[in-house]
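The values are calculated or read from the model by the stated rules, or taken from the named source; none is laboratory data. Because the structure is predicted, anything quoted here is derived from the model rather than measured. We place every Cβ from the backbone using ideal geometry, glycine too, and count neighbours over all the protein chains shown.
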Amino acid sequence: MEHETFPADQANQFAKGLESRELAAAVENLPRLQRQAIRLLKLEERSLKEAAALSGITVGSLKVATHRAIKSLRKILGNRGGAR
């Protein structure tokens with residue numbers, strides 16, 4: 001019986017899709033403020049000032065929420081990237 005093989009780029013695309021779904025699920029499990037911070041800053045690419053205004057908090061509080069969210073995501077996802 002022959003096994004079907006996939007080109008490397010197709011396998012990489014599949015892995016990225018899986019990682020994206022895992023990341024989306026992990027973000028959904030964050031506390032509300034952390035989830036909002038990640039969405040506004042990382043997904044919507046808003047500025048700190050704009051994201052803070054939309055969230056109704058200070059820039060400093062937004063930075064703290066973002067830091068905590070990233071720390072939580074690393075823990076949830078097993079720190080796959082290895083970077084800090």
#### Entry: Failed criterion for Ala69 (all others in (1) on the phi > 0 side of the Ramachandran plot; (2) buried (at least 18 other Cβ atoms within 10 Å of the Cβ) hold)
(1)
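So is Phe6 in a helix (DSSP H, G or I) and either modelled with pLDDT under 95 or touching a Pro at 6+ places or on another chain (Cβ under 8 Å) (or both) or not?
On the way: in a helix (DSSP H, G or I): no; either modelled with pLDDT under 95 or touching a Pro at 6+ places or on another chain (Cβ under 8 Å) (or both): yes.
Considered against the rule, which asks whether it is in a helix (DSSP H, G or I) and either modelled with pLDDT under 95 or touching a Pro at 6+ places or on another chain (Cβ under 8 Å) (or both), Phe6 comes out as no.
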### Task
Report, by residue number, each residue of region 22-51 that is under 13 Å from Lys63 (Cα atoms) and aliphatic (A, V, I, L, M).
Leu33, Ala37, Ile38, Leu40, Leu41, Leu48, Ala51
### Query
Exactly one of (1) surrounded by 13 or more Cβ atoms within 10 Å (Cβ to Cβ); (2) at pLDDT below 90 is unmet by Leu48. Its number?
(2)
### Task
Taking Ile38 as meeting all but one of (1) surrounded by 13 or more Cβ atoms within 10 Å (Cβ to Cβ); (2) at pLDDT 95 or above, write down the number of the exception.
(2)
